[in-house]
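The values are calculated or read from the model by the stated rules, or taken from the named source; none is laboratory data. Because the structure is predicted, anything quoted here is derived from the model rather than measured. In this analysis, Cβ positions are derived from the backbone assuming ideal geometry, glycine residues included, and neighbour counts consider all displayed protein chains. Surface accessibility is based on the protein's heavy atoms, side chains included, excluding ligands, DNA and RNA. Shrake-Rupley method; radii C 1.70, N 1.55, O 1.52, S 1.80 Å.
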Amino acid sequence: MDYIISADVYIQQLSFEHTQALFRLTEANRDYLREWLPWLDTIRSSEDTRSYIRSTITESSAGGAPNFAVFYKSRLCGVAGFHPVDKHNRTSAIGYWLAEKYTGQGIMTSVVKTLLDIGFQQYDLNKLEIHCAENNARSRAIAERLGFTYEATLRECEWLYSKYVNHAIYSMLASEYSSQ
């Protein structure tokens, strides 16, 4: 399923047809992404990317929320979506990344806004979170720009290649979203 966000931006549910382009995008941005994302060492081939896509399809098919390929001017530029949905508590977290040359243009802010629509309206979630490294100013700015509430900092909760990093946790409740 595609969601048209603007004249230049749309998202499309991840599928196997994205495998090669997504692997190439990851490879081209490996050094840039490594600053904030811990999974890069597990993606070493297009088959690894295919396995990741398979896991997102399986999760979505089991009633979880989907993950999406992000397109800017018809070019794959990143990924955004939901981490596993806690159906009992109606919560999930939003994760995302963009290739370096596409950052700073408002693309991901508009994509995350669409994910809020999907999460709260289509999946009837009560709470959505964004977890990001405490020093990841760009990721934090997305949460703040969209009106998420800063909840806490989790100390040294993620091993990022050679060091532990703190995470800033932001959230938005359905009742806050509907009042926007």
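The residue of the stretch 114-155 that is farthest from the chain's Cα centre (by Cα), among those that are farther than 11 Å from Met172 by Cα and in a strand (DSSP E or B), is Arg155. When the stretch 105-150 is filtered for residues that are open to solvent by 10 Å² or more (accessible area, probe 1.4 Å) and β-branched (Val, Ile, Thr), the ones remaining, listed by number, are Thr109, Thr114, Ile142, Thr149. Specify the residue that is modelled with the highest pLDDT; the eligible residues are those in the stretch 24-67 that are among the hydrophobic types (A, V, I, L, M, F, W, C) and exposed (fewer than 13 other Cβ atoms within 10 Å of the Cβ). The qualifying residue modelled with the highest pLDDT is Trp39. Every condition in (1) of a type in the set (A, V, I, L, M); (2) part of a helix (DSSP H, G or I); (3) touching an Asp or Glu at 6+ places or on another chain (Cβ under 8 Å) is met by Val111 except one, and the failing one is (3).
For the stretch 65-82, the criterion of a residue being charged (D, E, K, R), without any contact (Cβ under 8 Å) to a residue 40 or more places away in the chain, closer than 20 Å to His167 by Cβ and not in a helix (DSSP H, G or I) is satisfied by no position.
Among the candidates Leu116, Leu160, single out the residue that is over 28 Å from Ser178 (Cβ atoms) and in contact with a Phe, Trp or Tyr (Cβ under 8 Å, 6 or more places away or on another chain).
Leu160
Name the one entry in Thr19, Thr42 that is free of Cβ contacts under 8 Å to residues at least 60 places away in the same chain and within 15 Å of Cys77 (Cα to Cα). Outline the logic, then answer.
Details: Thr42 fails: within 15 Å of Cys77 (Cα to Cα).
That would be Thr19, the only listed residue that is free of Cβ contacts under 8 Å to residues at least 60 places away in the same chain and within 15 Å of Cys77 (Cα to Cα).
Go through the stretch 85-104 and give me each residue that's open to solvent by 90 Å² or more (accessible area, probe 1.4 Å) and either in contact (Cβ under 8 Å) with a residue 12 or more places away in the chain or in a helix (DSSP H, G or I) (or both). Within the stretch 85-104, Lys87, Arg90, Glu100, Lys101 meet the criteria. One residue stands out among those in the stretch 12-23 that are open to solvent by 40 Å² or more (accessible area, probe 1.4 Å) and of a type outside the set (A, V, I, L, M, F, W, C): the one that is nearest to the chain's Cα centre (by Cα), which is Gln13.
Look at the stretch 151-162 and say how many of its residues are polar (S, T, N, Q) and open to solvent by less than 70 Å² (accessible area, probe 1.4 Å).
1
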